[in-house]
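The values are calculated or read from the model by the stated rules, or taken from the named source; none is laboratory data. Bear in mind the structure is a predicted one, so any value in this text is a computation, not a measurement. No Cβ is skipped: glycine too gets one built from the backbone with ideal geometry, and neighbour counts run over all protein chains shown. Calculation scope for accessible area: heavy atoms of the full protein, side chains included, ligands and nucleic acids excluded. Shrake-Rupley method; radii C 1.70, N 1.55, O 1.52, S 1.80 Å.
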Amino acid sequence: MRVSAKIMADNIKANLAKQSTGLIKTQMMLASGKRINRLSDDHIGIGKVLGYRSTLSTINQYRENITDAQTRVEYTETILGQIHDLLRDAKHIASNPGLADNTPFAQEIEDIRDQALGLANSKYGKDYLFSGHLSGTPAFDTATFAYNGDGGSHRVAIGEGITVELEADGSQMFIESGDNLFQVLDDLEAALTADDPLAIRATVDPLERIGDRIQIARSGLATDYKRLEATNDHWIGFANSVETMRSNVEDADITKTAIDMQVQQTAYEVLLATAAQVVQPTLVDFLR
């Protein structure tokens, strides 16, 4: 059966279109580095990729939460350390008052009290660190030294249904057995001003107890930090595994793709040359 020029031309056009489509797809893979660039490339694979991306996004959010919590813990620890140092200085003065005029010591204690009170009312971002859930309110009144916060903690989501509670209740750090650190310092200042040895020494034990309380809080923060660190390490490892799975499905093998493109390019050029040789005589025959 004689093949007409039109049928032959149509076949050539179809083969050229098929080769061209394959070449364009390979070029796109090489340019993007992705095996899947459109839904039609792999219906099943694109569903997996979207799932992996969602998982990675969730992991990234947990890691951001952890990083912020670690920064908060470090900042809180620094503040508590500074307050503990101030308290130690105050306790030294209370344990070794002057024999004559204690006015300079009284002034020093006033400065210590004001510094400690300012640190206890520190902010992390827009929130007061030691006010519990009432983070928009300063933890302690600067006049009466009363605690203005509540017993709430700062909760951080670090996993599916998993939270870490960071201590944020200032009354658990600066008040012990009814003794308010700032009131004790105020009493010590008054006792030094009045040169009252008994009243001066009466502040030593409360300062000691509050200092121990602060150290307990710092120890708790160290435990929280280690947990955050371990959880972050877990998420790093898991994210790497998920990323590998995503890459195996979505990303192209660049070396293989480059070779495929070269092969397809050569095949396309051969087809063009063949088409030119076949079509030209056919047209001549047609004209005859």
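Around the amide H of F140, modelled in the peptide plane, lie the amide H atoms of N148, all under 5 Å away and 5 or more residues distant in sequence or on another chain. Estimated from the Cβ-Cβ distance and a Förster radius of 45 angstrom, the FRET efficiency linking R53 and K126 is about 0.90.
For the peptides 215-223, 115-123, the ranking by mean Cβ contacts within 10 Å, running from highest to lowest, is 115-123, 215-223. Accessible area of R209 (1.4 Å probe, protein heavy atoms only, ligands and nucleic acids ignored): about 90 Å². The 3J(HN,Hα) values that the Karplus relation (6.51, -1.76, 1.60; θ = phi - 60°) gives for the stretch 67-80 are, in residue order, 4, 5, 5, 4, 5, 5, 4, 4, 5, 4, 4, 4, 5, 5 Hz. Gly and Pro appear as x. The local environment of P197, defined by Cβ-Cβ distances under 14 Å, has a net charge of -3 under the rule Lys, Arg +1 and Asp, Glu -1.
Were the residues from T223 through T78 laid out at 0.36 nm apart, the gain over their Cα-Cα distance would be 50.7 nm. Summing charges over neighbours of I175, with a neighbour being any other residue whose Cβ is under 12 Å away from its Cβ, gives -1 when K and R count +1 and D and E count -1. Working from Cα pairs under 8 Å separated by at least six residues, relative contact order for the stretch 69-191 is 22 percent.
In the assembled protein chains, R227 presents an accessible area of approximately 110 Å² (probe radius 1.4 Å). For the stretch 133-140, putting each phi into the Karplus relation 6.51 cos²θ - 1.76 cosθ + 1.60 with θ = phi - 60° gives couplings of 6, 8, 6, x, 10, x, 4, 10 Hz, in residue order, rounded to whole numbers and with x for Gly and Pro. Within the shell defined by Cβ-Cβ distances under 9 Å, the residues around P206 carry a net charge of -4, with Lys and Arg each +1 and Asp and Glu each -1. Annotation note: GluC sites (Glu not before Pro) in the stretch 131-185 located in DSSP loop regions with a Cβ neighbour count of at most 16 within 10 Å are E160. From Cα pairs below 8 angstrom and at least 6 apart in sequence, can you work out the relative contact order of the stretch 96-155, rounded to a whole percent? Computed value for the stretch 96-155: 21 percent relative contact order.
Using θ = phi - 60° in the Karplus curve 6.51 cos²θ - 1.76 cosθ + 1.60, the 3J(HN,Hα) couplings for the stretch 244-249 round to 4, 5, 4, 4, 4, 8 Hz; x is entered for Gly and Pro.
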